[in-house]
Structures are given as C-alpha cells and as structure tokens.
Amino acid sequence: RKEVEQDPGPFNVPEGATVAFNCTYSNSASQSFFWYRQDCRKEPKLLMSVYSSGNEDGRFTAQLNRASQYISLLIRDSKLSDSATYLCVVNVNFNKFYFGSGTKLNVKP
Amino acid sequence: DTGVSQNPRHKITKRGQNVTFRCDPISEHNRLYWYRQTLGQGPEFLTYFQNEAQLEKSRLLSDRFSAERPKGSFSTLEIQRTEQGDSAMYLCASSPGMRGRTKNIQYFGAGTRLSVL
C-alpha cells in the first residue's frame, strides 16, 4: 500500500468553480502535512501547510482529519492559472517526506 | 538567485556510464533531500542530510547510488553504471530545520533530468 494516495484526476472544471481534492495517508505517526503545486515540467512549490485546526489562504482551504487519516484541499473561484498538478505531502519522523502521485487540475475558460 | 540550484539541468548518458549531479541548497538550510520523479508520479524520497550527516536512505537507493554533503553545504548524487531505468528527474530540496512551523517546508531546485540511452 502506498504511503499517500491521491485521485490522479484530471479534474476538468470551468473558471469560477469550486473544486476539492482528497488525499489519504497510511502512517498514523505522520507529523506534518502539506499541499504542493507542480506545473508541467517544473519543480514542486509549496502551496500551503496543513494544520490540525484547518487553515485558509485566500481561495484555498486545507483540512486535516487525523482520525480518518485524510487531508483535503478546497479551491474556490477557480482561475485558469490554478491549472496544475497538486501534490499531497506527508512527513514522518521529520526525516522522510512522502508525496502522493498528484491530482491534475484543468481549469477551462 | 538565492533559491536551490541544481546542475546540470539535463544529462544524457549511455548505459553503464557514471553520472554526478550537484545541488546547492539555500544558504543556512541545514536539511537537504534528494528525490527522484518519473512521469505521472510524485517525487520519491531517496535520501536526507542534516548538515553533513546522511541520516536517512530509501530502499530505492541501490548500491549504485551514493550521495554526499561533505561540508554541510552543497551535495552530490552519483549514479554508477547507469541503467535505462534510472532515467528520471532528480530533484533536490532544502529546508530550514529550525523551530517553528516553517522548519519542514521544503524548497525545491529545478531538477536534473537524466536520460540513459
């Protein structure tokens, strides 16, 4: 079983739509959680950290459910520029980071 | 540019040759990570350094792979006797490792794309 599982998509949505991605992780000892964004043929870049209390950054909201071992990302009012692959990342024992395979988002005009 | 720097950006080599990649992390970041990424997959963890100490190695890192960070600054990843299956993007990342919420945030370099013919 993979450490981190994501729906690969693609999610094809119109501009202005709200879209949600989920990610599950297998190690209950996981300590920190992140969403990264990766554009085609570019390096991953941090989108946001995910805190137990949930957190919001503009149009983006991240939630963590430790009991069910899943993380979510909600994007409101999608923009064309949001088109990318979104990677769920889980940190175990501070030394190892596990990335999901990514969820591809296509925002259409 | 004060970001993570990787060289070369592209490397084409013949099967059986040795290759070496370099990563210069953000200065004062004491944690450095190497990953491998293939098409359609997320980055796979290879190894981790805290300063000059290599503290974690993935099972993916076979005997043909070796990484060093001799002075706790830049790092090299060497692949000996390359195989076609080694073709991938090799990413380096660094993180501050200090206290607080930012300590585990990783900043990635642009990667080295390896093609083994």
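Below is a table of values for the structure above.
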item: Residue check, B:Leu46 closer than 30 Å to A:Asp7 by Cβ, part of a strand (DSSP E or B) and not aromatic (Phe, Trp, Tyr); result: yes
item: Count of the range A:28-44 residues which are open to solvent by 50 Å² or more (accessible area, probe 1.4 Å) and under 24 Å from A:Asn93 (Cβ atoms); result: 3
item: Enumeration of residues in the range B:104-117 that are open to solvent by 60 Å² or more (accessible area, probe 1.4 Å) and either within 14 Å of chain A (Cβ to nearest Cβ) or touching a His at 6+ places or on another chain (Cβ under 8 Å) (or both); result: B:Tyr107, B:Arg113
item: Any chance A:Phe60 is buried (at least 18 other Cβ atoms within 10 Å of the Cβ) and aromatic (Phe, Trp, Tyr); result: no
item: Out of B:Ile26, B:Ile12, sole residue that is more than 12 Å from chain A (Cβ to nearest Cβ), of a type in the set (Val, Ile, Thr) and within 14 Å of the chain's Cα centre (by Cα); result: B:Ile26
item: Matching residues, the range A:1-21, being more than 14 Å from chain B (Cβ to nearest Cβ) and open to solvent by 30 Å² or more (accessible area, probe 1.4 Å); result: A:Arg1, A:Phe11, A:Asn12, A:Pro14, A:Glu15, A:Gly16, A:Thr18, A:Ala20
item: Residues satisfying the stated conditions in the range B:67-96, i.e. in a strand (DSSP E or B) and either of a type outside the set (S, T, N, Q) or open to solvent by 50 Å² or more (accessible area, probe 1.4 Å) (or both); result: B:Ala67, B:Glu68, B:Leu77, B:Glu78, B:Ile79, B:Ala88, B:Met89, B:Tyr90, B:Leu91, B:Cys92, B:Ala93
item: Selection count, the range B:31-43, where residues are buried (at least 17 other Cβ atoms within 10 Å of the Cβ) and either closer than 17 Å to B:Lys57 by Cα or in contact (Cβ under 8 Å) with a residue 12 or more places away in the chain (or both); result: 8
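The values are calculated or read from the model by the stated rules, or taken from the named source; none is laboratory data. On a predicted model such as this, the values are computed, not experimentally measured, just so you know. FYI the Cβ positions are ideal-geometry reconstructions off the backbone, even for glycines, and counts take in every protein chain you see. Just the protein is used for accessible areas: all its heavy atoms, side chains included, with ligands, DNA and RNA removed. Shrake-Rupley method; radii C 1.70, N 1.55, O 1.52, S 1.80 Å.
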